[in-house]
Structures are given as C-alpha cells and as structure tokens.
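Taking it in order: structure first as structure tokens, then the write-up.
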Amino acid sequence: MTATLTAPKAAGKARKVDAVPWWLKLVTGVVALYFVLPTLFVIPMSFSRATTFQFPPKGFSLGLYENFFTNPVWLDALRNSVVVALLASLLATVIGTAAALGLHNLQGRLARFARTMLMISIVTPAIVIAVAVYISFLQWRLVGTLAGYVLAHAAIGVPFVLVAVTSALGGFDPKLLRASASLGAPPVRTFLRVTMPLISRGIVTGAVFAFVTSFDEVVIALFLRSPALQTLPVQMYNSVTVEIDPTIAASSSVVVTAVTTACLILQFVGSRRKSR
Amino acid sequence: MPVEATTTTTSTGIRLENVTKNYGLATPAVDDVSLSIEPGEFMTLLGPSGSGKTTTLNLIAGFETLTAGTIAFDGADVSSLPPHKRNLGMLFQNYALFPHMTVAQNVAYPLRERKVPKPEIARRVAEVLELVQLTGRDGHHPNQLSGGQQQRVALARAIVFDPKALLLDEPLGALDRNLRGTLQAEIRRIHREVGTTFVFVTHDQEEAMNLSDRIALFNNGRIEQVGTPEDLYQRPETLFAARFLGDSNVFALEQAPEGDKVRWEDNVWAAEPGTGSAGDDTALVVRPEDVRLAPDNGETPPGANAVGATVRDLEYLGSYRMAVLSLGRSGVTGKARLDASHSDLTLGQPVTAWWPVDRQRLVAI
C-alpha cells in the first residue's frame, strides 16, 4: 500500500531533476527498499509449500493460492471487501467532488471550518473513529451491515477525494462556467460537459485512493464485523491471530498486486493525458 | 465577403432602468444606472477599473443578481432570468474556450445545447468559421492556436447561435497592440455583417472611440455621460469625461460664470452661455489641439481667450510635438499641440496661449 502511494512522487522527481547526485540516489534506494521490503518477503512466501510461516520459503507450490480462491471464507471476505470498497468509494467520490466544487470559491471562516471537518478523519486515530462509529452504529443497528461498512468507509475516503479534486480545480478556469452558461447550458449540463471532463483526473485519483483506503481498512472493520459479513483485512487478521493460516501470504500478494496495478494504470492514463 | 446565413435580421434592444448592484460595501458597485441600448447598436461601457462597467455587463449577462432596478430585452423583463436562458453571446478577456474540445466542438457547443440537428450544426460551424477567417482549423485544440485565433474562435462560438446580443468583456485586453488593431477591425466588420447588438466593455478610450456607435462613460458606479464618440470628445459634460477621453487643459473656476463672462485668476474670458455647465463647481476645459501659442504679450485674434504661459517641456510624439505649459500665475500644467511653425520654441520661454471661444467647454467638476 504505502509503497504504491509513494511511487508517483518518486517518478515525478526523477523526471524533473536533470542530474541526480549519487547520495540522493542512495537515499531514494534505501527509502524505496524500506517500503518494498515487506512485499519482497510476502510474495515468495505465498508460493511456499509449507503450512506454517517460513522464510526462506520451502519448495514451490500454488497451494496457498488454491486455498485462497477455493475456500468460501476467503472468497466471501474478498467479495465483501470489493463490494464495500466499490460502494464506499462511489459515495466518497460523489460527496468529496461536490464538497470540493462547493468550497472551491469560498474563502470565509465557515468554508475553512467545513473543509477542516471534512478532512478531520485523516488526522484522527483510526481507533477513535472506530469506537465512535461502533457506538453510534450500535444504536442505529448498522453494525455488521453492508450499509454500515459503506457509510464508515465512505467517511474516511472523502478527504482523499476532496484533496485530489481541489488540486485538479486549481488549474480550472472558473470563467469557463460563465462561458458555458452564456452559451445556453444549464448548470448540470455545464458540469457534465465542461467541469467533469476537465477535472476527471482529480476525480479518478480521488476515487482510487478512496477505494484503496476502504479496501485496506482494518480497524473500523474489526468493530463492525459480524459472522455473516466481514472484509478481507479482518479475515487476514483472523487467519493470523486465530488460525495461523499461511493463506494470508497469498491473499496479501493478491491485494498488493491488484492495488499496484490499479495505481499503475491510473498513472499511465494520467501521463498519457498530460502528453496529449 | 459573402453575406452569412447567420446574419440576424432582428436585433434586440436592451434597457437598464435604475440598475443598482450593492455588495454590501459603503458605495454600490453600480449605482442607479439607466441606459437604453438600441437594437443593432455598438454600445461601449467605458471607464476606469472599479467604475462599475464590468459589473453592469455581468448584470446584463445574468451572472450577477440585481440589488434594485430592472433589465429588459425588447421590453421583456429578464431581471430574474438565469444566464443560460438569456440567449446572449459573450466574449471574455482570457477567451474562455473549452480546452478539452476542438475548435469545431467549441463552436458547436451552443448549437448542441439548443438541440440543432447535426447536419445543420456542421453547416453553421463551417459558415461562422469562414466569417472569422478560421476555415480549416476545425480539428485544432485551443492550445494550438495563437491568442488572436483563440479570440476569433470565441467570437465564432458567441455568435453562431444568433444571440440576442453580444457582450464583450475587454476581449482585446490580453492581445498585443498590433493584433488589437486587427481584431478591432474584425469586430467592427462582424458587427456590420451580423447586425446584432454589441455591448463592449473596455477601459481603453481609443478602443472605445474607434469601435462604438455610442459610449456610456462610467465613473464610481454611475454613468457620467452617454453619447457618440464625437459627443464625448467634443462636448464633455463633466471634468471626468473631459479628462478620461483625451487630454484637456483644465481651468477650475472659483466663481460660477456671470452671464457671458468667466473669471480665472486675473483673466476675464468670454463664455457663450449654453456651452456646458453653469453651476458653482465649474471648470473651463480646452483640448491641446485647440490651443495656439503666440509670442509673449503678442496679438491674439478677436474672439479668442488668452492666458499667459511658460513653456516647461517639449515632447516629441512622432507625428506631432506637444508643448507642456505652466499656465497663469499658479502655473497649472497645460498642453498645446504644436504644428511646424512653432519649431523655434525654447524651454522657459514665456508665451501667450490662446484658443477660439467656441472651442472651449464649461464642465461640471
């Protein structure tokens, strides 16, 4: 996760700076290694034949993957995570984009306050949010429900969308809105035909981050879980603390690969747009 | 130039009545402005920045809501109509083209909003691109065009749907001087060919004089004077108008004119009644090109008003020279435009400045 998030920054640096001094390359290498190292252990372990955690892995086998993709407990958890992450990121994207658009041209104290409130989940410790969510959701009977997961995860996804769309709006000329209105387009059509295409990169970036945030969220999910509904990170946590099941190595590898691919696609699409 | 099918046969009159816009500051941005713009007219809203001209344009466009007053198109009140229902074309200083669309898509935008059938869109886009001389640029993106070309695309986009009027918000402000001249000629030509009402906002008095049928001169949220460029230049009614359009020699009178006499310092000048303001706060203004210089205490023709002056500086301006003068005892700065016969002037030389009585104006301060 962390490694994939920092990847775009490193790439941007390399493009801009002409001559990179050797010590900077060294520092970059060490930092990159620090981020990637856990993955370098987990992926080989996922191909191990052993039934317990061992490194270096013993032999080669796809057994753990077989278990991951055939065991209904793991598959259900994966499906739940995907569904929750999709719905949560959709909700977060709509709310975050609307908030970014609304707050874009406001400067007053109230607007600053609203922005801070929307961003607050980023700086609040996850356990605090989790307990607060758990207590209120108990009363509202949302614990263990799909709606509960989606609402809680959407709330922590909103800041990512807000930041991404706000930065995309930085290069957006508000005169275009007036131009569009003068040409006969009502506000909704203006949003669909002018605003959205021009800030689409911010929206997509925010949506991917919101998706990943939800997909990888474990603390709130631990509180909200029920026997019928739990997400992949919770199942992974169980598999280690309760079952000592090495399938987690396979599931981790699947998640890392999926998330990395998503971020790489995003970057590829982004750079292609830019070069046009 | 072939006559375009986009030409409107009916154009719209715009009427502003007691229009006021107050942002909650001490003085309103637009203060009780009434203005009647005739169908097909090229009306310029001229004034310094902060004078309310752009706010007035935005009120006509519907981007701002009125604090008081009404705006009507051809007698129909549009005061509460949102901008996208007002059917007005608009040009912006920074072009405001949609960067993700091609030239053709930009120009087709208002037609698509109006659900015009596709073949007709193609035909009208081609016609209007010919009108602005951009045929063959359909597939380009705005960032592949020069500033002047971009503004032509914006112009095409703003007139392709036969708007009731075209609003132009300092559209030439971002262009260099030469290009500005070319596009001024272009805008004048298109105004003639399309026949739509144009409302043009600028702070550039030359641009205003060059383009307009009439000019509304704005100052502090109010209209100082409305008239043809010639009216405003030859017959300014206020000191602000006299100073904003061209140079003026200004003699602030200490007393109201008495009959056909005015006094300034120890000079008594003839002033025909009816040549402007006659109130307490009055100034006499003369254009530099109407001021002649004679040797000190020399003869001035009958029917001329004269004042003693000292030559303070001589400015060479290519096609003519300008003498900067200290006028009268108080040494008020003045200017006189020189012709070839005055090549013998020296700095510090005392002279007599005179002008024909009928070339002076009395204006309100």
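Nothing in this text is a laboratory measurement; each read-out follows from the coordinates by a stated rule. Everything quoted here is computed from the prediction, not taken from an experiment. So basically every Cβ, Gly included, is an ideal-geometry build from the backbone, and we count neighbours across all protein chains shown.
Using Stokes-Einstein with the Kirkwood hydrodynamic radius over Cα pairs, what translational diffusion coefficient do you get for region B:222-297 at 10 °C and a viscosity of 1.306 mPa s, in µm²/s rounded to a whole number? Walk me through the numbers before you get to the answer.
Details: Rh = 13.5 Å.
Estimated via Stokes-Einstein, D reaches 117 µm²/s.
How large is ³J(HN,Hα) for each residue in region B:46-54, as worked out from phi by the Karplus curve 6.51 cos²θ - 1.76 cosθ + 1.60 (θ = phi - 60°), to whole Hz, x for Gly and Pro?
Values, residue by residue: 10, x, x, 5, x, 8, x, 5, 5 Hz.
Treat every Asp and Glu Cβ in region A:18-110 as -1 and every Lys and Arg Cβ as +1, leave all other atoms uncharged, and give the resulting dipole magnitude about the Cα centre to the nearest 20 debye.
Numbers: 5 positive and 3 negative charges, 26 e Å.
About 120 debye.
Between B:S319 and B:T300, what is the label-point separation in nm under the 7 Å Cα-to-beta-carbon projection?
2.8
How are the Cα pair distances of region A:139-208 distributed, in percent, across 10 Å bins from 0?
Reading the bins upward from 0: 19, 33, 26, 16, 6, 0.
Inside 10 Å of the C-beta atoms of B:85-96, what's the mean count of C-beta atoms belonging to other chains? Could you put the intermediate results ahead of the total?
Numbers: counts 3, 3, 3, 4, 4, 6, 2, 6, 1, 4, 3, 10.
Neighbouring Cβ atoms belonging to other protein chains average 4 per residue here.
Rounded to the nearest 500, what is chain B's calculated 222 nm mean residue ellipticity when only DSSP H runs of at least 4 contribute -39500 (n - 2.57) each, over all residues?
-7000 deg cm²/dmol
Peptides A:206-215, A:171-180: what's the order by average Cβ count within 10 Å, highest mean first?
Working: A:206-215: 24.7, A:171-180: 18.6.
Ranked from most to least packed, the peptides come out as A:206-215, A:171-180.
Compute the angle between helix A:72-104 and the longest alpha-carbon principal axis of chain A, please, reported from 0 to 90 degrees and rounded to the nearest 10.
Taking Cα atoms only, the helix is inclined about 20 degrees.
In region B:119-169, what trypsin sites (Lys or Arg not before Pro) fall in a loop by DSSP, with at most 14 other Cβ atoms inside 10 Å?
Numbers: sites: B:R123, B:R124, B:R137, B:R152, B:R157, B:K164; in loops: B:R137, B:K164.
Those that pass, being in a loop and sparsely packed, number zero.
Name the residues of region B:148-163 whose amide N is less than 20 Å from a point 7 angstrom out from the Cα of B:N210 along the C-beta direction?
B:148-156
At what distance in nm do the modelled label points of A:A258 and A:N105 sit from each other, each positioned 7 Å from its Cα along Cα→Cβ?
4.1
Under the Karplus relation 6.51 cos²θ - 1.76 cosθ + 1.60, θ = phi - 60°, what is the ordered set of whole-Hz ³J(HN,Hα) values for region B:37-45, x standing for Gly and Pro?
9, 6, x, x, 7, 9, 9, 10, 9
Give me the dipole magnitude in Debye, nearest 20, for region A:164-250 about the Cα centre, with unit charges on the beta carbon: positive for Lys and Arg, negative for Asp and Glu. Don't jump to the answer; show the numbers that get you there.
Values: 6 positive and 5 negative charges, 153 e Å.
In debye, rounded to 20, region A:164-250 gives about 740.
Enter the angle in degrees (range 0 to 90, nearest 10) between the Cα long axis of helix B:103-113 and the first principal axis of the Cα atoms of chain B, meaning the one along which they spread out most.
Rounded to the nearest ten degrees, it is 70.
What is the calculated FRET efficiency for A:L90 to B:N18, with r their C-beta to C-beta distance and R₀ = 45 Å, to the nearest 0.05?
Details: r = 50 Å, r/R0 = 1.11.
My answer for the efficiency is 0.35.
Expected output is a single nm value to one decimal: the length gained when fully extending between A:T70 and A:F41, i.e. 0.36 nm times separation in residues minus the C-alpha distance. What is it?
Full extension from A:T70 to A:F41 adds 8.1 nm.
Work from the charge dipole of region B:204-362 (Cβ charges, +1 for Lys and Arg, -1 for Asp and Glu, about the Cα centre) and give the residue of B:P257, B:Q225, B:V351 farthest towards its positive end.
B:V351
Between A:V83 and A:V131, what's the calculated FRET efficiency when r is the beta-carbon distance and R0 is 22 Å? Round to 0.05.
Step by step, r from the Cβ atoms, then E = 0.35.
Using +1 at the C-beta of Lys and Arg and -1 at the C-beta of Asp and Glu, which of A:V163, A:I244, B:L211 has the Cα lying farthest in the positive direction of the dipole of the protein assembly as shown?
A:I244
5 Å is the cut-off here: which amide hydrogens, built 1.01 Å from N in the peptide plane, fall below it relative to B:V30, excluding neighbours closer than 5 in sequence?
Under 5 Å from the amide H of B:V30: B:K21.
As an exercise, identify the GluC sites (Glu not before Pro) in region B:288-319 lying in DSSP coil whose Cβ has no more than 14 other Cβ atoms within 10 Å. Walk me through the intermediate numbers first.
Values: sites: B:E289, B:E299, B:E315; in loops: B:E299.
Hits after loop and neighbour filter: B:E299.
Report the full-extension gain for the segment B:R114 to B:E38: residue separation times 0.36 nm, less the Cα-Cα distance, to one decimal in nm.
Full extension of this stretch gives 24.7 nm more.
Along the positive direction of the dipole of region B:1-120 (beta-carbon charges: Lys, Arg +1; Asp, Glu -1; about the Cα centre), which of B:P39, B:A104, B:T56 reaches farthest?
B:A104
Net charge within 12 Å of B:S146 by Cβ-Cβ distance, Lys/Arg positive one each and Asp/Glu negative one each, not counting B:S146 itself?
On the way: positive: B:R137, B:R152; negative: B:D176.
Here the charged neighbours net out to +1.
At what distance in nm do the modelled label points of A:T124 and A:V188 sit from each other, each positioned 7 Å from its Cα along Cα→Cβ?
Each label point lies 7 Å from its Cα, and together they span 3.3 nm.
Need one value for B:102-112: mean number of C-beta atoms belonging to other chains within 10 Å of its residues' C-beta atoms.
Numbers: counts 0, 0, 0, 1, 2, 1, 0, 7, 6, 2, 5.
Per residue, the number of nearby Cβ atoms from other chains is 2 on average.
For region A:74-130, what is one quarter of the convex hull surface built on the Cα atoms, given in nm²? List each step's numbers first, then the result.
Values: hull surface 20.1 nm².
Its Cα hull, projected and averaged over all orientations, spans 5.0 nm².
Counting only residues 5 or more places away or on other chains, whose amide H sits under 5 Å from the amide H of B:F200 once H atoms are built in the peptide plane?
Those lying under 5 Å, H to H, from B:F200 are B:M43, B:T44, B:L45, B:L168.
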